């Protein structure tokens, strides 16, 4: 089998086949064409994620200079290493608390009801347009204090940033970065205006709380806030969007699981974890070695980039019993779809809460829901999920 990333099929089934072959035959692989290492086994990936000093998250210095990307990175602690990562995450966590997330439950329920009301009785609709996209982006926009009516604009930015054609190399060239910079420039300008408005006139929203957050006498500056707010607005909503679409896709593919879940909605939390394991929304993470380091049975030289295929780790036979089975009762389920270690996804509780509310409501209202023709999926090497998901619905 061809081992290079760029040669792989874009379908989920094709990518699964590649992962399976690589886990068995070349679990830590140097990809000369792509200019990066690939790691496929669960244990190797966990070890890399648990060592942020040896395997850095900061890839910005490897890229050609790009002002927008450098500015956005100032508050994006996903791309930071300790100790700055720890300080910034503490500051953000002072505002984005578990209580803030839990208090969103009534509003999530209300928005889900409103969105489902709008399509109730329709024999068919696009699940992405009707529910999976507007639900999380509305909740996050209201949380941040930006107008939810601008969600069409947010989707334009998300599509432009996440749906770029794959570059021939792991580290994009100046032209590729220039294409990404245009939507990033617009988004940064929009968010900085909002942040400065809140600094001048605070309100009861997360943006104002981020401005006020303080740890050891230090507060976030606007350039740092914009990185986190942008990350939450884009990556935060797409995680829930893909989780909802993947749940419907998995249940459609596994009718026995769909029947069992409908019969016992208390299984929704474990079912959602199985969806996350089976179809990790973002199937890979990237790190760069700060020193020559052993990964598996290979040595990765300093300065080289490593692709950690968490989607493959979630299907590793060495960690999961019958990993290709879709088991809505699977427990324990230590999937890596929200990461591992210091960079574990801060927005995971919100994505879980939104899906745990929306999925039962959808299943109760639609006793029969089937995927229809016209599904448009993302490139499964980049993101698992649907950008368009037509469904046929039988309403209660």
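What 222 nm value per residue comes from the helices of the chain, counting each DSSP H run with n ≥ 4 as -39,500 (n - 2.57) and dividing by all residues, nearest 500 deg cm²/dmol?
Theoretical 222 nm ellipticity from helices: -15500 deg cm²/dmol.
What relative contact order, as a whole-number percentage, does the chain give when Cα pairs under 8 Å and 6 or more residues apart are counted? All intermediate terms of the calculation are to be shown ahead of the outcome.
Details: 623 pairs, mean separation 102.6, N = 396.
Computed value for the chain: 26 percent relative contact order.
Can you figure out the FRET efficiency of residue 163 with residue 25, using R₀ = 45 Å and their beta-carbon distance, to the nearest 0.05?
Efficiency at R0 = 45 Å is approximately 0.90.
Let a ≥ b ≥ c be the square roots of the eigenvalues of the Cα gyration tensor of the chain; is it rounded (a/c under 1.5), or, if not, prolate (a/b larger than b/c) or oblate? Walk me through the intermediate numbers first.
On the way: a/c = 1.60, a/b = 1.06, b/c = 1.51.
Oblate, since a/c reaches 1.5 and b/c is not below a/b.
What is the stretch 313-385's relative contact order, in percent, from Cα pairs under 8 angstrom and six or more apart in sequence?
Result for the stretch 313-385 is 15 percent.
Please check which bits of the stretch 146-190 a label hung off residue 33 would reach, taking the label as a point 7 Å along Cα-to-C-beta and the cut-off as backbone N under 19 Å.
165-173
Most exposed first by the Cβ proxy, i.e. fewest other Cβ within 10 Å, how do 362, 308 rank?
362, 308
Only counting other Cβ atoms within 10 Å, I'd like 361, 22, 1 sorted with the fewest neighbours first. Write down the numbers at each step before the final one.
Details: 361 17, 22 21, 1 11.
Least to most surrounded, the residues fall as 1, 361, 22.
Can you give me the Cα centroid spacing of the stretch 327-352 and the stretch 77-128 in angstrom?
If we compute the Cα centre of each part, the gap is 15 Å.
For the chain, with a Gaussian network of springs between Cα atoms less than 10 Å apart, report the residue from 141, 263, 289 with the top mean-square fluctuation.
In the Gaussian network model the winner is 263.
So which residue, out of 34, 133, 42, gets the largest mean-square fluctuation from a GNM of the chain using Cα contacts under 10 Å as springs?
Maximum among the listed residues: 34.
Just want the ordering: 297, 214, from fewest to most Cβ atoms lying within 10 Å of their own Cβ. List each step's numbers first, then the result.
On the way: 297 8, 214 11.
The most exposed by this proxy come first: 297, 214.
For the chain, modelled as a Gaussian network with Cα springs under 10 Å, which listed residue fluctuates most, 324, 222, 103?
Residue with maximal mean-square fluctuation among 324, 222, 103: 103.
Read-outs throughout are calculated quantities, based only on the coordinates presented, and are distinct from any laboratory measurement. Predicted model only: the values in this text are computed from it and were never measured. Note: ideal-geometry Cβ built from the backbone for every residue, glycine included; neighbour counts use all protein chains shown.
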